[in-house]
1. Hey, residue 9 hits all of (1) surrounded by 12 or more Cβ atoms within 10 Å (Cβ to Cβ); (2) on the phi > 0 side of the Ramachandran plot but one; which does it fall short on?
2. In region 11-47, what residues are touching a residue at least 12 places away in the same chain (Cβ under 8 Å), within 22 Å of residue 1 (Cβ to Cβ) and in a loop (DSSP other than H, G, I, E, B)?
3. Take the residues in region 29-39 that are surrounded by fewer than 16 Cβ atoms within 10 Å (Cβ to Cβ) and under 11 Å from the mean Cα position of the chain (by Cα), then tell me which one is farthest from residue 55 (Cα to Cα).
4. Restricting to region 41-51, count the residues that are touching a strand residue (DSSP E or B) at 6+ places or on another chain (Cβ under 7 Å) and under 19 Å from residue 9 (Cα atoms).
């Protein structure tokens, strides 16, 4: 079954019961070192596999900014 979530302000349909790690893979994020927040709560890297995405969740994936 598919669920609708918001990723960086865009509505996406993803498989049900994905964890954060699987979601990142499903969305094909290639860069390393970004920060992830689920419903405005930061998710630590060591919690990615324990944090399950639910219907209606708001996900923010923030890439590090380069420059100086």
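No value in this document is a laboratory result; all are computed from the given coordinates. Since the structure is predicted, the reported quantities are computational estimates derived from the model, not experimental observations. Here the Cβ positions follow ideal geometry from the backbone for every residue, glycine too, while neighbour counts run over all protein chains shown.
1. Here residue 9 meets the rest and fails (1).
2. Within region 11-47, 16, 17, 18, 27, 39 meet the criteria.
3. Out of the qualifying residues, it is 34.
4. Qualifying residue count for the region: 2.
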